[in-house]
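Enquirer: Here you go, one structure.
None of the figures in this text is laboratory data; all of them are computed from the coordinates on show. What you see is a predicted model, and the numbers here were worked out from it, not measured in a lab. Cβ coordinates were reconstructed from backbone atoms using ideal geometry, including for glycine residues, and neighbour counts include every protein chain displayed.
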Amino acid sequence: MTAHPNTPPDASSADIPTAGAPFDQLPLAPAMLANLRQLGYLNMTPIQAASLPIALAGHDLIAQAKTGSGKTAAFGLALLTHLNVRYFAVQALVLCPTRELADQVAQELRRLARGEDNIKILSLVGGSTLRPQMASLEHGAHVVVGTPGRIMDHLQRGSLNLDALNTLVLDEADRMLDMGFYDDIGFIARECPGTRQTLLFSATYPEGIAELSRRLLRQPQEVKLLEQHEHDKIRQRFYEVSHDDRLQAVARLLKHYRPVSTLAFCNTRQQCRDLVQVLREQGFHALALHGELEQRERDQVLIQFANRSCSVLVATDVAARGLDIAQLEAVINVDVTPDPEVYVHRIGRTGRADQEGWALSLASPSQMRRVANIVKELGTEPEWHPLSELEATSDEPMLPPMATLQILGGRKEKTRPGDVLGALTGEAGFASAQIGKITVTESTTYVAVERGIAHDVQRRLAAGKLKGKSVKVRILDVNAESEPRERAARRNR
Ligand code: ADP
Ligand code: MG
């Protein structure tokens with residue numbers, strides 16, 4: 001029997017756009033499509049292509065994909081599309097594990113919302129005082145992004161009401177569970193209407209996620225994008241080291257490969273601290289990111305790494321999860337992780353977009369079993385290299401290309417990136433190519449400038465005015481930061 005020539009194409013497959021498909025295949029408002037074009041979002045990422053049709057149709061969704069795959073827009077476009085802008089009530093709530101992830105999400109949602117006037121997006125996180133948040137809530141917000149603890153606070157005080165909620169998003173759900181937010185999330189979900197849509201995003205899929213979704217989601221559709229790195233873009237190499245040589249070997253890797261930005265993963269906080277010390281002794285600009293840092297210090301560390309004034313960020317897996325850091329030339333596994341999935345996540349941070357990246361791993365003889373598991377998971381042969389082939393490829397010290405200036409005053413003072421850029425390229429006479437990222441936080445502004453002109457910029461800024469006011473500015477010195485232990489000792493004195 002031959003197929004009937006008029007057989008319609010398989011409806012289910014025809015409806016689902018494939019990765020790389022343009023956004024205009026989706027039922028989005030013309031203003032939204034125009035804004036996406038302006039943002040340079042022409043084609044959907046694979047997770048967006050797989051989940052947007054489901055989320056836009058109003059279904060509950062469980063989506064699993066790695067960091068950097070574009071999950072924010074995957075839920076952001078759905079929740080923004082379902083908003084009624086003329087109705088001033090909280091219609092969407094996004095829960096995130098940490099303050100900085102919530103800030104990142106709020107920022108990305110604001111970019112996505114630019115096509116439509118007057119969408120109010122409010123971030124409610126710990127670390128800021130409650131009262132101004134309550135005032136902002138009274139003014140009305142359409143979308144709230146927050147951490148579970150702070151959202152609970154507002155619900156219990158009655159300053160936040162979720163009766164009009166359409167969309168509840170659990171972003172980085174696995175990490176929220178790691179952090180012990182299971183009960184808080186349950187409490188918050190009970191404050192939302194039972195008819196809401198719930199979208200759950202997660203990088204991994206531990207048992208806790210299944211349990212959470214059984215409790216909170218209704219007939220969810222599942223989208224899982226197993227990681228497929230473009231292996232040719234990530235060049236993986238393994239080095240055998242004795243346990244005692246491990247930290248010195250990291251320095252040798254850096255001197256040999258000379259990557260501009262490196263993320264080095266340690267299994268413990270103590271190892272992070274030890275490695276930073278070893279690297280600094282050898283003149284590298286290195287910073288540690290781990291759970292003991294205060295929020296403000298975390299912000300400063302991430303800003304300096306992202307704007308290329310710090311060469312090496314030394315982090316634990318938990319600390320580095322979910323952070324959107326572009327342009328990483330290398331990932332170094334200081335220790336082999338026992339979990340192949342974690343290995344795949346770690347090395348996926350490099351080799352993004354059009355760039356190639358190095359994934360360099362140090363393994364002691366007792367860790368060969370772990371390497372074997374990873375290799376089995378990846379289905380590739382490990383490329384072993386001897387440490388002895390690592391030679392310094394230049395005598396020049398490895399300095400980061402940029403330096404960060406810290407200016408007193410931020411959002412609270414209504415400072416905008418354009419003001420700072422204007423001051424530097426106008427009267428002060430610097431070329432805009434010499435100025436890097438400008439990050440405005442609540443009370444501080446950070447400007448990356450070419451390392452060679454940092455003192456000059458500081459002098460000109462301090463001598464001039466910014467928005468009619470004189471400026472307090474200092475250069476952040478990566479290696480001047482004290483170790484957490486010393487700081488704790490100082491505090492306790
Ligand atoms: P995830 O939450 O999966 O870690 P993000 O939502 O933070 O990923 O997105 C990672 C980066 O990709 C962001 O800088 C974002 O602006 C960018 N991005 C997202 N979607 C697209 C797209 N369709 N086209 C181009 N860039 C995109
Ligand atoms: Mg994310």
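Enquirer: Among Ser443, Ala433, Gln406, which residue has its Cα positioned farthest towards the positive end of the charge dipole of region 402-477, with +1 placed on the Cβ of Lys and Arg, -1 on the Cβ of Asp and Glu, and the dipole taken about the Cα centre?
Expert: Ser443
Enquirer: Residue by residue through region 292-306, what is 3J(HN,Hα) from phi via Karplus (6.51 cos²θ - 1.76 cosθ + 1.60, θ = phi - 60°)? Round to whole Hz and write x for glycine and proline.
Expert: These are the phi-based 3J(HN,Hα) values: 7, 6, 6, 3, 4, 5, 4, 3, 5, 4, 5, 4, 5, 6, 5 Hz.
Enquirer: Karplus couplings for region 38-50 from phi (6.51 cos²θ - 1.76 cosθ + 1.60, θ = phi - 60°), rounded to Hz, Gly and Pro as x?
Expert: Residue by residue, region 38-50 yields 4, 6, x, 8, 8, 10, 6, 6, x, 5, 5, 5, 7 Hz.
Enquirer: For region 230-389, taking Cα atoms only, what is the radius of gyration to one decimal and the Dmax to the nearest whole Å?
Expert: Every Cα atom of region 230-389 included, Rg and Dmax give 14.6, 43 Å.
Enquirer: Any of Lys437/Lys465; Lys120/Lys437; Lys255/Lys465; Lys412/Lys437; Lys233/Lys437; Lys224/Lys437 with alpha carbons more than 31 Å apart? Name them for me.
Expert: Pairs exceeding the cut-off: Lys255/Lys465; Lys224/Lys437.
Enquirer: Tell me which residues come under 5 Å, amide H to amide H, from Val336 once H is placed; ignore anything under 5 positions away on its chain.
Expert: Ser364
Enquirer: Quick one: compute a quarter of the convex hull surface over the Cα atoms of region 244-310 and quote it in nm². Mind dumping the intermediate values first?
Expert: Values: hull surface 18.2 nm².
Spelled out: convex hull of the Cα atoms, projected over all directions, averaged, 4.6 nm².
Enquirer: If you keep only loop residues by DSSP, which trypsin sites (Lys or Arg not before Pro) in region 80-146 have at most 13 other Cβ atoms within 10 Å of their Cβ? If you can, show how the numbers build up before the last one.
Expert: Details: sites: Arg86, Arg99, Arg110, Arg111, Arg114, Lys120; in loops: Arg86, Lys120.
Here the trypsin sites (Lys or Arg not before Pro) that fit, given the DSSP loop and packing criteria, are Arg86.
Enquirer: Need the C-alpha centroid separation for region 391-411 versus region 239-257, integer Å.
Expert: The two parts, judged by their Cα centres, are 23 Å apart.
Enquirer: Taking each pair of distinct Cα atoms in region 402-477 once, what is the resulting Kirkwood hydrodynamic radius in Å?
Expert: Working: mean 1/r = 0.0840 Å⁻¹.
Evaluated over region 402-477, this radius sits at 11.9 Å.
Enquirer: Report ³J(HN,Hα) in whole Hz for each residue of region 96-101, in order, from the Karplus equation J = 6.51 cos²θ - 1.76 cosθ + 1.60 where θ = phi - 60°; Gly and Pro get x.
Expert: 3J(HN,Hα) across region 96-101, in whole Hz: 10, x, 10, 4, 6, 5.
Enquirer: For a distance above 33 Å, tell me the whole-number percent of Cα pairs in region 13-227 that qualify.
Expert: Working: 2226 of 23005 pairs.
Tail fraction, whole percent: 10.
Enquirer: 5 Å is the cut-off here: which amide hydrogens, built 1.01 Å from N in the peptide plane, fall below it relative to Gly436, excluding neighbours closer than 5 in sequence?
Expert: Ala448, Val449, Glu450
Enquirer: Next question, about the same structure. Name the residues whose placed amide hydrogens come within less than 5 Å of the amide hydrogen of Leu124, ignoring near sequence neighbours (fewer than 5 apart) on the same chain.
Expert: When sequence neighbours closer than 5 places are left aside, the close amide H contacts are Val145, Gly146, Thr147.
Enquirer: Further, regarding this structure: Quick one: Kirkwood hydrodynamic radius for the chain, alpha-carbon pairs, angstrom, one decimal?
Expert: 24.6 Å
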